[in-house]
Every structure is written in structure tokens, then in C-alpha cells.
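Student: I'd like to ask some things about the structure below.
Throughout, read-outs are computed from the coordinates displayed, never taken from laboratory work. It should be emphasised that the depicted structure is a prediction, and the values quoted were computed from it without experimental measurement. Neighbour counts run over all protein chains shown; Cβ positions are idealised from the backbone, glycine included.
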Amino acid sequence: MTAVYANSQRSEAPFYEASDFYVFEICKSLIDLTVCKTFLSIAKDHLMPSWVVRLSPFEEIEKAKDKDGRIASPRMWMRRGLALICPRVENGKLIAGMAIIDDNAPFGEVEVFDVDTNESHVIYVPEGIQEAYLLDVRWSL
């Protein structure tokens, strides 16, 4: 209502939007900016399979396209049915900013490949995960 009233007092642009009067940030993304920027860089390089885009929260990721942020390295480890965005190994655990899993995903001990270097890594994917995307994944190696 504040924006409506303020705009009624103006005769020409620029006009106010409701967001100009927010006291709190309304919808902060739950997805880390580095994950978003890395995801978008992989897509831009045409290395992102269509099933990954289909299962990802792409609308949320795309909001980061105009923001400044870093691109992780490695960018993505994957194999059929499994994509790990921003993967890294810490203290014997696989940590990934986002994992995207489709119904063809293998479980148990799985070999994945770096999309940039083609280097292989063996990870352990826990059973029982259904087609989804997961944030801040922590799995055993």
C-alpha cells in the first residue's frame, strides 16, 4: 500500500515498487552463490546434460546470473544419473554444494568423472535417494 500511495504523489517515472519499502529481505536463496555461478558456467559451456537442468531448481539458480561470485574448481563431477556441483574432498568425506540425482542413479561405490579434466574419482552414494536435488551433500568416500 505504501508504494501505491507514494506513486499517487508522483506524476512521472521512476515509480516505486513494493520492494522499495521492504524492511526485511523477503526471499533469500538457500542455494549458495558459488554453486549458482558454477552451475551457470557449466551450462554456458554446454557441459550440462538436459536431465540435470530438468531436475535442478533452475529458476532459483538463474537469479544469480547478474551477481558477482566465484566459480568453484572443480566445477562438476558426474556420471549417468548423478551430477555433483562444486565437489571437494575434506577429511575423508565428499562435500558437494549440490547433488542432482535422477532415477537412473547408481548407488554404492560409484566412479564419477570431472567434466573439465576427465579425472575419475570413486565415491559412495547412499541408497534410498530418490530423483531430486540435494544441497550441501556430505557423503563418505
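Student: Could you give me the ³J(HN,Hα) list for the range 68-80, computed from phi with Karplus coefficients 6.51, -1.76, 1.60 and θ = phi - 60°, whole Hz, x at Gly and Pro?
Tutor: 7, x, 8, 10, 6, 9, x, 7, 8, 10, 7, 7, 4
Student: Using DSSP to define loop residues, name the chymotrypsin sites (Phe, Trp or Tyr not before Pro) in the range 37-141 whose beta-carbon has at most 15 other beta-carbon atoms within 10 Å.
Tutor: PHE107
Student: Follow-up question, since we're still on this one. Ignoring everything except DSSP H segments at least 4 long, calculate the 222 nm mean residue ellipticity for the chain; use -39,500 (n - 2.57) per segment, divide by total residues, nearest 500.
Tutor: Theoretical 222 nm ellipticity from helices: -5500 deg cm²/dmol.
Student: Still on this model: What's the magnitude of the charge dipole for the chain around its Cα centre, counting Lys and Arg as +1 and Asp and Glu as -1 at the beta-carbon? Answer in Debye, nearest 20.
Tutor: 180
Student: Can you tell me the orientation of helix 33-44 relative to the chain, as the angle in degrees between its alpha-carbon axis and the longest Cα principal axis, to the nearest 10?
Tutor: 70
Student: Considering only DSSP states other than H, G, I, E and B, which GluC sites (Glu not before Pro) in the range 25-82 qualify as loop sites with at most 14 other Cβ atoms within 10 Å?
Tutor: Within the range 25-82, the qualifying GluC sites (Glu not before Pro) (loop, at most 14 other Cβ atoms within 10 Å) are GLU25.
Student: Amide H of MET98 versus every other amide H placed in the peptide plane: which residues, excluding those fewer than 5 positions away on the same chain, fall under 5 Å?
Tutor: It is ILE85, ASP136, VAL137, by chain and number.
Student: Here's something else I'd like to know. Give me the percent relative contact order of the range 63-133, please, defined on Cα pairs under 8 angstrom at least 6 residues apart.
Tutor: It rounds to 27 percent for the range 63-133.
Student: Treating only the Cβ atoms of Lys and Arg (+1) and Asp and Glu (-1) as charged, compute the dipole magnitude of the range 42-105 about its Cα centre; round to the nearest 20 debye.
Tutor: On the way: 11 positive and 9 negative charges, 47 e Å.
Using only the charged Cβ atoms, the result is roughly 220 debye.
Student: Can you tell me how much longer the chain between ALA13 and LEU47 gets when fully stretched, taken as 0.36 nm per residue apart minus their C-alpha distance, in nm with one decimal? List each step's numbers first, then the result.
Tutor: Working: separation 34, 0.36 × 34 = 12.24 nm, distance 4.27 nm.
Difference between extended and current length: 8.0 nm.
Student: Also: Among ILE100, GLY128, PRO87, whose Cα projects farthest towards the positive end of the dipole of the chain, with charges put on the beta-carbon of Lys, Arg (+1) and Asp, Glu (-1)?
Tutor: Towards the positive end, the residue furthest out is PRO87.
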